[in-house]
1. Could you give the distance between the Cα centres of region B:276-330 and region A:300-356, to the whole Å?
2. With θ set to phi - 60°, apply the Karplus curve 6.51 cos²θ - 1.76 cosθ + 1.60 along region A:127-140 and write out the HN-Hα couplings as whole Hz, x wherever there is a Gly or Pro.
3. Span-like helices, chain B: DSSP H, alpha-carbon axial extent 20 Å or more, mean Kyte-Doolittle -0.5 or greater, which ones?
4. Which pairs, out of A:21/A:370; A:253/B:336; A:253/B:282; B:223/B:336; A:199/A:370; B:181/B:282, put more than 30 Å between their alpha-carbon atoms?
5. What Rg and what Dmax come out for region B:210-349 when only alpha-carbon atoms are used, in angstroms?
6. What is the magnitude of the charge dipole of region A:22-377 about its Cα centre, with +1 placed on the Cβ of each Lys and Arg, -1 on the Cβ of each Asp and Glu, and no other charges, expressed in debye to the nearest 20?
7. For region B:25-62 and region A:43-90, compute the distance between their C-alpha centroids and round to whole Å.
8. Could you work out the relative contact order of chain A, using alpha carbon pairs under 8 angstrom and six or more residues apart, expressed as a whole percent?
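Taken together, the values in this text are just the output of simple stated rules run on the coordinates, not laboratory data. All values derive from a computational prediction rather than experimental measurement. Note that we place each Cβ from the backbone using ideal geometry, even for glycine, and neighbour counts take in every protein chain shown.
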Amino acid sequence: MGPLRELSITSMGMLLRKRWKLVILVILVALYPFIDSALQRMSGYAIGGYTGSLVTVLMYAMLALGLNIVVGYAGLLDLGYAAFFAIGAYSMALLTTPHPPWDTPFPFPVNYFWVAIIISAGIALFSGFILGAPTIPLRGDYLAIVTLGFGEIVPVLFRNLTCVTIPFVNINCLDLTAGERGVSLIALPNVPGVGNFSKIDLAPWYWLGLLIILVALFLNRRLEDSRLGRAWMAMREDEDAAASMGVDIVRTKLLAFGMGAAFSGFAGAYFASYIQGVFPSSFDFTVSVTVLCAVVLGGSGNPYGALLGGVMVAGIDRIGLGFMTTVADRLGAFIPFLGEIDFSLWRYGLYGLALVIVMLVRPEGLLPNKARAREFHEGQEEEGLSGIAAAEQEVERESEAG
Amino acid sequence: MKPKITFRNVAMWLIMAAVGLFLANAFRSDPTLFAQQVINGMSQGAIFALVALGYTMVYGIIELINFAHGDVYMVGAFTSMTIASLLGASHTSDPSQVIVTLFLMFITAPLVCALLNFSIERFAYRPLRSSPRIVVLITAIGVSFMLEQVGLWWASIPSDLLSYFGGSGATPKAFPALVPKINLLAGTALGINLTPKHLFALGLAIPLMIALRIFVQRSQTGKAMRATAQNRDAARLMGINIDRIISITFIIGGALAGVAGVAGALYFEGVQWNMGFDMGLKAFTAAVLGGIGNITGAMLGGFFIGLVSALSDQYLAGQWTRAVVFGLLVLVLVFKPTGILGTGSSQKA
């Protein structure tokens, strides 16, 4: 035990000395709910109170980590990722609500939140396989559009499945999803010996979110280095070459869709329990695009990039814009027109601008994966399809020199 | 080539037969209602087709799904409503003022949209000409968001400046009823309602499409466009100025979206900041259905999607129409990615 113990102590020391900034960041993040309440008390409740918003930010970070598998690792452009988020959330809601559309709620044991969240992720995984299957032969843009179609269809289904009749099994006009009213009263997480989470104290939600993100990050890292991860990357770089090297494209693609969907379903179930209700309007195209923005801006293919992107995009949306509005409001006392600006209405413009600028300047994102970054710049070295433009430039350069 | 009996083909024919039977039954039970929905569908479809042309032309030439194209249509609709506001035209104005307003709308909106589409290509897409396709696609999504932001601001311009706008930018704004809602077939025994807004959509779209087709098939520029779509490098070697041809394509596509914007605002009697998103998806579905890159295909696809939406509104339920249209999109892409008239392959995409 001796040497190992020594080693762990020295490595802790190394960590503290070399990565002290990271260590401080981790401590600050972990203790944020306390810092927040201290801030609130000291400032007389003028600033702070961001824990609730941060839970949503964490949820977007989870989604970004899941989409990173689909878009970043496997290179499948998914524009309908919110579909799986919706499926996870609705599964959670229907599994645990005390007033399900059928007569009796599912007979889960006391702590059924934890069971239900796993089942919800499982249902999302399964739906990932189902929705992924027809897209196997499609590539690039066509794949993007089919997933976009699914992403539009799924909320329509949840909105309209208010009278489901299945012949022969005695189901007659079952109000499955309650339309716009949604499903409410969803199970809360329960820690044995401590009790249920509540909507009053948001700190446990925050820590649960952090825990899920740590697990998601770990899974992302392990998947990246796994045999499957290498198959995804091979497929991303060249599908035909990968197939001829023995990568089973069907299996690899389905697993990418399924795993991405499972992450999304997990986040959806967590979100449904946190909000205590699911409504079809929370799962539209904006969610899919926000998560895609997060992955692309952060750096697709790198889980830390996706995490950073998720936190940035959702953080600016949930906290930054509100903060800017408050500041502008205060400044409005001096500069009249500033007081009327509501920056939360600027979301689209800012997302759009950020996407365009990042694509023009740094298409691989802020924290790129090295191999992925090379792929993004491949075309520029070759200049187009056959290098004619490069040849033209060469000629121009020569003529200028001569 | 002998048609193969595969699962795909059988499934496709079964679905088509089911839809055919359903429609035949609908026609039998109430022919007048059916005919009315066909007219509505064709008029909507004309607008879809105009927007679809922009998608298909751009995809044909640079293989980009121009996500922002639907929002260019929105800008067209907003431009026409701005002109109506500036000229103070309303449903009580005298006919001469209405005609002048409409004329100005149909001149200005295409010009604005053509310029806008040209600038989008020039400043956002051209620098990325040699980047991977996903980069350009995401840029297009970004441009689309920026235009929607412009729509939000535009719609919230106070009504003392532009009388038909104002209030929250997010709410739909009613378009002034400039064209009277008279039934042109009132005296006949058909029992069908055909109003000037139907005629506007159809009467503008069909001549424009014929003109476009003649332009692309007969003119020197059209020939260059087709050559560029076939093989950009070879076209460059033949002395075609690729940048100029791509710009012309975006300008034509933008102008058509502008006309569609005016016709759409008149037809749907309202504008909204995110009207371009739905229109874009439907028009893109139309373009894919007709075989993307194929101009005639986009026109037929547009009319087809219009018909499907109108019939679905009538015979299923309005809230299912989105699912029907996107379900159709998914089915086409999965079963016949080349579309009805297309010749390319899904591998190209």
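1. Each part's Cα centre sits 35 Å from the other's.
2. 5, x, 4, 5, 6, x, 4, x, 8, 3, x, 8, 10, x
3. Answer set is B:7-29, B:31-62, B:69-87, B:95-120, B:133-155, B:196-218, B:242-268, B:275-289, B:295-315, B:321-335.
4. Numbers: A:21/A:370 23 Å; A:253/B:336 20 Å; A:253/B:282 28 Å; B:223/B:336 28 Å; A:199/A:370 42 Å; B:181/B:282 26 Å.
In this structure, A:199/A:370 exceed 30 Å between Cα atoms.
5. 17.0, 54
6. Roughly 560 debye, rounded to the nearest 20.
7. 38 Å
8. Relative contact order of chain A: 26 percent.
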